[in-house]
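Every number in this text was worked out from the coordinates using simple rules, so none of it is lab data. Please read these numbers as outputs of a predicted model, since none were measured by experiment. Don't worry about glycine lacking a Cβ; one is built from the backbone with ideal geometry, like all the others, and counts go over all protein chains shown.
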Amino acid sequence: MARSQPIYQVAVPAPLYRLFDYLAPSEVGVPAVGARVRVPFGKRELVGVVLGTAPESDLPHARLKRIARVLDAAPLLPASFLKLLAWAAEYYHHPVGEVVAAALPAWLRAGRAAAVEGVRLWSLSAAGRAADPAALARAPAQRRLLEALARAPAGLEAEALENISPRWRAALKALSARGWIEVQVHDRLAASPAAIQPPPQPNAAQQAAVEAVTGALGGYQCFLLHGVTGSGKTEVYLRLIERALAQGRQTLVLAPEIGLTPQLIERFQRRFNAPIAVLHSALADQERLRAWLLARDGTAPIVLGTRSAVFAPFKNLGLIIVDEEHDTSYKQHEGFRYSARDVAVMRAARENIPVVLGSATPALESLNNARVGTYRLLTLPDRTGGAGMPRVAVLDMRRLKPAEGLSHPLRAALAERLARGEQSLLFLNRRGFAPVWMCHGCGWTAPCARCDARLIYHRESRKLKCHHCGAEAPLADKCPHCGAAGLHPLGEGTERIEAALTKFFPAARIERIDRDSTRRKGALEEKLKRVHAGEADILVGTQMLSKGHDFPSVTLVGVLNADQGLYSADFRSGERLFQQIMQVAGRAGRADKPGEVLIQTWHPEHPVFAALARHDYGAFADYALAERRATDYPPYSHLALLRAESTRPGAALRFLAEARMRARAPAQESSVQVLEPMPAPMEKRAGRHRAQLLVQCKHRKALHGFLGQWVAQLAELKFGKQVRWSLDVDPVDMY
Ligand code: ADP
Ligand code: ZN
Ligand code: ZN
């Protein structure tokens, strides 16, 4: 018998915890490890990646299928990167094929070639510019194209031409035949055209931070850069990138989804005469692939991206920076539930390079790591340019009667700013007009039919909407319960505050910034532009205002419902609240106009507020960490949350009870605690009944050893399609 052929172990995008064995394709060419292949899988054909080879398979030879086609002549992904993905699959106990797929741009997942043509730009030749459109009266598509190109001397891309005429290709061909058209291939990621700006002289704290990290280039070390808002953290990043560039190494900079603003990108472009690749969720597929390839091939020395960019391949990565490392958008909330911050740290350790986590309000886990010496702490204690921190005052709402959600002192402070021509910012984490639509006759409130939640009244769209499942209902004006007429909104959302401001301050120019008011593409940019141009007096908005944007002319920040989440079921809610308020307060004020922050609360005695008033994140952390220690929550233990949901009431809980039975024996051997299954804090959501089970352990290693065994068993529980379940390692949200 012939010597057995090698077996190719392929990661296939399917929810299964293993690789699949295939034989070499029958046509010529064998795949390299790291190449994509098309393989038969059940009745379908899927695009997978070869992760390894083996001399033998567990399956008899006759049952093995052949690879249908090899898609990459050379490995698409380097070996070290494949190992990172394998580690992530193991750590998050997620199917490896799905992890690999998540790391690939959509075009590569679909099997397209790993290459991008430059963007083609069409413009008029000299003859075309001299041509008379009237000569094309009988060819309207050609005429429209000619006119549009005449108005765009820099040229137009296919997308723009498509908007001019759906028959643009034929029309363009006809114009080309007359010699009127020129085409250029244009690389959008060529070195930035923006003028390079000289950097400011670093202050002593910045200099010390830069020196510390520079000294660590070439080896692994995790730094926590804790600097108050406006202390010049970004300036430190820029200096570090410069050093990495000088050594010929690439830098990956991660920013939260909402923080990767055009302003930030521009700031990087103004600093470096080098191509910068940008990776975020709003990119078109082609642009994403292009940026991904620039990172992989080492063409872009700087890669700026959001969460998923942590899984971009690099040729020569030398440094990772995670800005606003506390931000929860680094955690993927469904499917492959990784934390980009944590993966960044692990990636740096594996690649033997430094990683810098920066924040004004570090996650307690990170701060604790710095306190125990696992991370090295770098501090920027002061704002740059001598600017002071804003004065913070707590307004005791038990004594103050608010009118439409605004207390008297806050209204007076707003009036003062208006009189002085200064800007104010009101922060309220609830969009819509009112969170409750209520009958005053019997107390009925409009519920969502599919969730355990109330519908939110949206006045602009005259609808009731569920913020959890997106369901909408018409505005009932009669109570379905008691028949009384006249239902009323209760409580305040951003729409209502905007309306109240219009009433109290009819002359004020108000900009509301929330997901509803910025849905249209470009709307947010327009609003921010008006704010920065001084064409707005009061900004009202949700947490969109607490991230990424600076408002130097704002001298008053009002926090309207600070109590939301103060006593919530999630053990992290206090930390979130503190971070949000401190971040939003830090967006305001500058050296010559110090800011003031007014916080409306019904619980002014809560220790969170005393620490806030002193801008003392350390004191807050002491208090919050002591609480975590007493309750055995992270960072003093490690968690995994098993979530289950089903359209059938009770099925999710039954699944979890069974899962817990299976867990008992292995858990007893170690220090792992498997708690009782519980209904989720919001039991029903989008028509599904949800439950969860918390696994807790002091030792990460023991926890992962346990989870490995357990997950394999869960996959075999006989609940079929009735129950959907997922495991969340290091959960960030507990519902
Ligand atoms: P952070 O990222 O901590 O919020 P930035 O790096 O954005 O802070 O700095 C805040 C502002 O201070 C920016 O306008 C920046 O250009 C400026 N800045 C930073 N470092 C210095 C410095 N050493 N001297 C003067 N201005 C500085
Ligand atoms: Zn009623
Ligand atoms: Zn709902």
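Order 289-302, 695-708, 6-19 from most to least packed using the mean count of other Cβ atoms within 10 Å. Don't skip to the end; give the middle numbers.
Numbers: 289-302: 21.8, 695-708: 17.4, 6-19: 19.4.
Peptide ranking by packing, descending: 289-302, 6-19, 695-708.
What are the principal axis extents of the Cα atoms in the chain, in Å, biggest first?
Ordered largest first, the chain gives principal extents of 90, 84, 66 Å.
Among Val119, Leu146, Ala134, pick out the residue whose Cα is farthest towards the positive end of the charge dipole of segment 119-186, where Lys and Arg carry +1 and Asp and Glu carry -1 on C-beta, about the Cα centre.
Ala134
At 7 Å along Cα-to-Cβ for each site, give me the label-to-label distance between Glu159 and Ala177 in nm.
Distance between label points: 3.0 nm.
When the helix-only estimate is applied to the chain (DSSP H runs of n ≥ 4, each -39,500 (n - 2.57), divided by the residue count), what is the mean residue ellipticity at 222 nm, nearest 500 deg cm²/dmol?
-9500 deg cm²/dmol
Could you list the residues of segment 434-466 with an amide nitrogen less than 17 Å from a label point located 7 Å from the Cα of Lys478 in the Cα-to-C-beta direction?
Only 439-442, 444 pass the distance filter.
Amide H of Leu395: which non-local residues (sequence gap of 5 or more, or other chain) have their own amide H closer than 5 Å, using H built in the peptide plane?
Ile599, Gln600, Thr601
Taking a Cβ-Cβ separation under 4.7 Å as the criterion for a possible partner, which cysteines of the chain have none?
When partners are defined as cysteine Cβ atoms under 4.7 Å apart, the chain leaves Cys222, Cys469, Cys697 without one.
Could you name the lysines whose alpha carbon sits less than 28 Å from that of Lys529, not counting residues in the same chain fewer than 8 places away?
The reachable lysines, counting only those whose Cα sits under 28 Å from Lys529, are Lys233, Lys503, Lys521, Lys547, Lys593.
Using a 7 Å offset from the Cα along the Cα-to-Cβ direction at both Gln201 and Thr631, what is the distance between the two label points in nm, to one decimal?
Once both label points are built, they end up 4.9 nm from each other.
Return the long-range amide H neighbours of Val554 (sequence gap of 5 or more, or a different chain), with a cut-off of under 5 Å between placed amide H atoms.
The answer is Gly589.
Less than 18 Å apart at the alpha-carbon level, and either on another chain or at least 8 residues along: which lysines does that give for Lys315?
Reachable lysines: Lys83.
Explain nothing, just the number: dipole magnitude of segment 7-109 about its Cα centre with +1 on each Lys and Arg Cβ and -1 on each Asp and Glu Cβ, in debye rounded to the nearest 20.
300 debye
Just add up the charged neighbours of Gly318: K/R +1, D/E -1, any other residue whose Cβ is under 10 Å from the Cβ of Gly318. Numbers along the way, then the final one.
Values: positive: Arg243, Arg249; negative: Glu351.
For residues surrounding Gly318, the net value is +1.
Which entries in Lys463/Lys684; Lys331/Lys401; Lys43/Lys331; Lys401/Lys684; Lys331/Lys721 show an alpha-carbon gap greater than 30 Å?
On the way: Lys463/Lys684 22 Å; Lys331/Lys401 39 Å; Lys43/Lys331 34 Å; Lys401/Lys684 35 Å; Lys331/Lys721 27 Å.
Cα-Cα > 30 Å for Lys331/Lys401; Lys43/Lys331; Lys401/Lys684; rest within.
Please give, to one decimal in nm, the separation of the simple spin-label points placed at Glu404 and Arg700, each 7 Å out from Cα toward the Cβ.
5.1 nm
Give me the percent of Cα-Cα pairs in segment 194-385 that sit more than 30 Å apart, rounded to a whole number.
Values: 2195 of 18336 pairs.
Percentage above 30 Å: 12.
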